[in-house]
Structure formats: C-alpha cells, structure tokens
Amino acid sequence: FDKSILEKTLLPKGFLEPEKCFYKNKLSFLKTGMAFSDAVTIPSTFKKIKSFSKPKDDFEHIVAVAKNLYDLPFGGDHNLWNPANNSSLFKPYSIEKYERRKANRETILENKRINFSSEQMILGILCENIRYQFKEVVNVLKAIKDIPLQVLLVADESPNSIPALKNQIAKNDRQTIHTLADPEDQFRHAFYTLCDMFYTPVSEDQLDIHYLNGIHYGTIPLVSKDRECSHAFEGIKPKSGGGEALIFTDEKELVKKIEEALELYKETEKWQSLVFNAMRTDVSWNNVIPQVTKIYEKAFSRLK
C-alpha cells in the first residue's frame, strides 16, 4: 500500500520501522505482521531454504524479516472434502455405501456430456495454472500416449490453454481425452469422484493440497517422489495389496506405475481394496496439529 495509508492505521509516527514494514517503498502489512510475530509458519515445501540472506523473489524478501520461522506440512480438509457428507454429489458415498460411487460417475459423465465409459479406468489431470504447468502436462501426455486410458484434463481459463494442449496431443485409438476449462468450484468434488486415479502438475505455490483432499474420494494419487506430499502416502504394493498411492521417480516409472494400475483395475476385488486403503488414509490437519501446538508453546514461552 502507498505510504499515505499510514494515517489510516492510527499507529503513532515512527512506530513502523521501514526495514521491517516496507517493501519496494510500499507499506506491506504481510511483512509487518511477520516482523512483529513471535512465530511464522510456511509450507514445508520451502524447508530446503535454510537462509533468506539472498532472497530470490518477493515472497522470500518478505519472509526474510521473520525472526522465528518454522516449516509445516499441509493437511487435507477431510470435513469439507468428504464424499460421505458432500451435498453436491448425486449420491453421497462411503466405504459402506461404495456402490453409490458408480452411480455418481454415470451421472457426472451424462451431465457433463463426457464420452467416457464408466466401466473403464479414468485418469484425471488437474491444473491450477496451465501457463506455468503447460510443459509438464505435455510431457506427461506424450509419455502415456500409448497406454489405453480415458483422460480427463481440467485446466484453468488461461487464454487458448485447452486448444494449445489439444494441438500437442497425438491422436490415437488407444485413448479418449476430454478437456474442461475453468469448471465451477464444486466440480472438484465431481472430479475426484469421477476419476480412478489423478495427477496434478507442479504449480508455482508448490502446494499438494489436491492430493491430500482427493484421496478420501477413493481416487488414487499419482504423485512424483519429489513432491512433498509423497511422504504422506505409502506406495502401492500390487502383490500384497498394501499402500494407497502410485509414487514414481521419472516418466519411465510413471508409465510403469500406470500400467501396473491398469492390470490391478482388471481385478475388481484387488482394486477395490486399494481404493478402500485410500479412503481410510488420514492425511488431514489432525496430523499437523501436534507440530502447530509445539510451535505455539515455544513462541508463548518467550513471552514469560
């Protein structure tokens, strides 16, 4: 904000120190808040940044003012993102009422006029910022082009994003690809319900919240080992039936994992067992609360 806003804060003159409260000669409430905080938390995807002595961008410049900085993992909101109590679905479902998931799939496909079979595997790709994620999406689509899949690609409303992606997708008889641009917010619930497994490319903010939210819908995460949230999941073990996520290290292994998933999908009981593993997995904020409590107690002790 412009310096003139200082008068409206009603703070005494000289209270705000320029080096703590201003950024690019503007008043930054975010920086001021961090400067006067007893503790500041940031997503643990930034934990590799041990020092902000040489900030690389606006975020790091602002965070550098914090005296006590802690990294924390994110948690999923398993109250809001829960198919058992979600009113936007055709029929709320759970492990006990899992048969309703198929009814939801059929209804969503019909309502959205998506030419998919509800009996065949659907891979969902969810993009938040297609300008930033474009190259990664194209590389993934090229890597899996020979795998018989139904692919639902949901992208934001960046101009020409969908047509540009379509031009990059080689037409073949082994895949059916459907694209949606800028769906309504409630569609995320339908997306998780519709897809058997899903992938979300790296975004600028690095948040993996979609994986953490979507798993309760019985949607198997397809996640790179480099992503922070991969540590929250156990990789699927086809022989034992354990795990709840498909974790890969590179594009070659990505293809292998999807092919393994397709084989498991043919065996209904084994696949359903994996889906139930996913729906039972707790990657919610409940797991983060103990860490938040410790940070709070440490900050509070400094005031005594």
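The values are calculated or read from the model by the stated rules, or taken from the named source; none is laboratory data. Predicted model, so just to flag it, every value in this text is computed and none were measured. Cβ placement follows ideal geometry from the backbone for every residue including glycine, while neighbour counts extend to all protein chains displayed. We work out accessible area using only protein heavy atoms, side chains counted, and drop any ligands, DNA or RNA first. Shrake-Rupley method; radii C 1.70, N 1.55, O 1.52, S 1.80 Å.
The smallest convex shape that holds all Cα atoms of the chain, its convex hull, gives 178 Å³ per residue. Please give the helix 251-266 orientation as an angle from the longest Cα principal axis of the chain, in degrees from 0 to 90, rounded to the nearest 10. Roughly 50 degrees between the two axes. Taking the chain as a Gaussian network of alpha-carbon nodes connected by springs under 10 Å, the highest mean-square fluctuation of the residues E184, E106, E253 belongs to E184. Pull up the DSSP beta bridges for the chain and report the antiparallel fraction as a percent, rounded to 5. Antiparallel bridges: around 10 percent, rounded to the nearest 5.
Taking amide H as placed 1.01 Å from N in the peptide plane, Y93 has its amide H under 5 Å from the amide H of A84, N86, each at least 5 places away in sequence or on another chain.
Taking every alpha-carbon pair under 8 Å whose residues sit at least 6 apart, the chain reaches a relative contact order of 17 percent.
What is the magnitude of the charge dipole of the chain about its Cα centre, with +1 placed on the Cβ of each Lys and Arg, -1 on the Cβ of each Asp and Glu, and no other charges, expressed in debye to the nearest 20? Its charge dipole is roughly 640 debye. Here the scattering of the range 1-132 is modelled by Debye summation over its C-alpha atoms, one equal scatterer each and no solvent; at q = 0.14, 0.21 Å⁻¹ the log10 of I(q)/I(0) is -0.82, -1.27. Summed over qualifying helices (DSSP H, 4 residues or more, each -39500 (n - 2.57)) and divided by its residue number, the chain shows a 222 nm mean residue ellipticity of -10500 deg cm²/dmol. For helix 268-280, what angle does its Cα long axis make with the longest principal axis of the chain, in degrees from 0 to 90 and rounded to 10? Rounded to the nearest ten degrees, it is 20. Distance between the C-alpha centres of the range 4-42 and the range 284-304: 25 Å, rounded to the whole angstrom.
Considering only T9, L303, M279, and ranking their Cα positions along the charge dipole of the chain that arises from unit charges at the beta-carbon of Lys, Arg, Asp and Glu, the one farthest toward the positive end is L303. Tell me, what % of the accessible area of the range 226-298 is carbon and sulfur with a 1.4 angstrom probe? Solvent-exposed carbon and sulfur of the range 226-298 make up 52 percent of the total.
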